[in-house]
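Worksheet: one structure, shown below.
The values are calculated or read from the model by the stated rules, or taken from the named source; none is laboratory data. It should be emphasised that the depicted structure is a prediction, and the values quoted were computed from it without experimental measurement. Heads up, the Cβs are rebuilt from the backbone with ideal geometry, glycines too, and the neighbour counts pull from every protein chain shown. For the accessible areas, the whole protein counts, side chains as well, though only heavy atoms, and no ligand, DNA or RNA atoms are used. Shrake-Rupley method; radii C 1.70, N 1.55, O 1.52, S 1.80 Å.
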Amino acid sequence: MITVGQRADGYEAFIIGADRSVYRRYWDRRAGDWSAWTLLGDADDKSLGLTVTATATGLLYAFMIGTDYELWQAWQVTDVVWNLDSGGAVLDPARISGSGIRLRLSMVGLEHGRTHFITEDGSVLDANNERVHDGQADLISGVLASSSIPGIFPPVKLFDETYVDGGIRELVPVRAAIRLGASEIYIIYPSPGVVFDPAKPSYDGENLIGIATRSIDMMLDEVRLGDISIAAEAGIVTTVITASREIHDGMTIEPTLIRISMDYGYMRASDAIDGPRIDIGADALGGLTDQIVLLRKQAWNVEYDANGVRRPQDPSLLDRPVHFELQLVPDPDALREVRRLKIEIERLVRQRQAAGGALPAGFESWWRDWEYHPWETWTENPWRFFTSAAGDVEEADPPS
């Protein structure tokens, strides 16, 4: 099997060899030909499956399931240099089955079109908690099936059924929790659903793809709202933890935006759980959360200009001839804007702290340091002395 990824300036191809090693080759524009096949890092003898995707910075991420059932990730440092995360994220089925947790991961069978659930011991059940297949499935395969988005990841065969992501029929599988006897339910949903976007106030004149995408989003959002309402109708105490702003869509794989989203999720959980018990209330606390994460995303974007780094090129422009290209230099005005944003971030964080809202570990770095970037920053942090061909900025103390 061959997998192809499109980076900012070309393509890379990946295969799993007969020796279970991952090999890659890339299109060399200067040579006008493909490079030779080379081993990807030290990922040899580890790969059972491989998925490659592009980040918003124009580089590639590769995710691998190892022969030891670890999840491995490799990422590009430059267009020809890769790093491999050899730590791995281990999913140990034995620990899960012996933990006492009652697990239900939803997946949809393509043959019968029904929602099934894989349990902590690998049993596959239907919506009535009746066993669908004899024996136990591999839990790792069940996890992959439950997250196999159609058209993005391949389906997973379990017994005689071919499974894809359970979100096709149930975005929030509340019924499974109710059938297990839950008396209190916490629903975590990472997307705000369909909301009005001030940056796109009208779909008048939108192309067919844009209209179709928006329509699919609305259909899925209706499924989500229907799922959530089931718990309330059953009289079960329910806490919904969800985003109110979209940091990035589900097709965007960008390390910094993922980091911001994780911090956002932590704070939104505090907003939902702690907010009703503190003086300013959940809505005001959530408003601070939204302001903080949107300012972080804005700062991350401006940091490209401050460091003289070109943003990823629109993939539709990759094959067009380039007659000339301007050389970017680090922009002192952009640095001043980054500093302004980080001062505002620190002010809002302190306001949130004073109100009693929780914050994730390492939150001080949000204003003391650059956001993460896959390239070397111009200065160690935004507060050091800055000099470039475009001008100088004096060193300053970060907010304390």
Note to self: Which one, A137, L171, P154, projects farthest toward the positive side of the charge dipole computed for segment 123-202 from Cβ point charges (K/R +1, D/E -1)?
What the structure shows: L171
Note to self: Accessible area per residue for segment 142-191 in Å², computed with a 1.4 Å probe and the full protein assembly in place, what is it?
What the structure shows: 51 Å²
Check: Counting only heavy atoms of protein chains, what accessible area per residue, in Å², does segment 222-308 have with a probe of 1.4 Å?
Finding: 45 Å²
Notebook entry, point to check: How much net charge surrounds P173 when only the other residues with a Cβ under 14 Å from the Cβ of P173 are counted, with Lys and Arg +1 and Asp and Glu -1?
Noted result: +3
Check: For L335, what charge total do you get from the other residues with a beta carbon under 12 Å from its beta carbon, if Lys and Arg give +1 and Asp and Glu give -1?
Finding: -3
Notebook entry, point to check: What's the local net charge at P382, with K and R +1, D and E -1, over the other residues with C-beta under 11 Å away?
Noted result: 0
Notebook entry, point to check: What size of dipole, in debye to the nearest 20, comes out for segment 210-269 about its Cα centre when the only charges are +1 on Lys and Arg C-beta atoms and -1 on Asp and Glu C-beta atoms?
Noted result: 160 debye
Note to self: Compute the distance from the alpha-carbon center of segment 352-382 to that of segment 266-311, in whole Å.
What the structure shows: 12 Å
Note to self: So for each of 336-346, 168-178 I average, over its residues, the number of other beta carbons within 10 Å; can you give me the resulting order with the highest mean first?
What the structure shows: 168-178, 336-346
Check: Which value, in debye to the nearest 20, describes the size of the charge dipole of segment 135-218 about its Cα centre when Lys and Arg Cβ atoms bear +1, Asp and Glu Cβ atoms bear -1, and nothing else is charged?
Finding: 120 debye
Next item on the list: Leaving ligands, DNA and RNA out of it, report the carbon-plus-sulfur percent of the accessible area of segment 141-283 at a 1.4 Å probe.
Entry: 59 percent
Notebook entry, point to check: Per the Kirkwood treatment, what hydrodynamic radius in Å, one decimal, follows for segment 132-226 from the mean inverse distance over all distinct Cα pairs?
Noted result: 16.2 Å
Notebook entry, point to check: What are the chymotrypsin sites (Phe, Trp or Tyr not before Pro) within segment 187-279 that DSSP puts in a loop, where the Cβ has at most 13 other Cβ atoms within 10 Å?
Noted result: F196, Y203
Item checked: Cα-only Debye scattering, segment 174-289: base-10 log of I(q)/I(0) at q = 0.16, 0.22 Å⁻¹ -> -0.95, -1.30
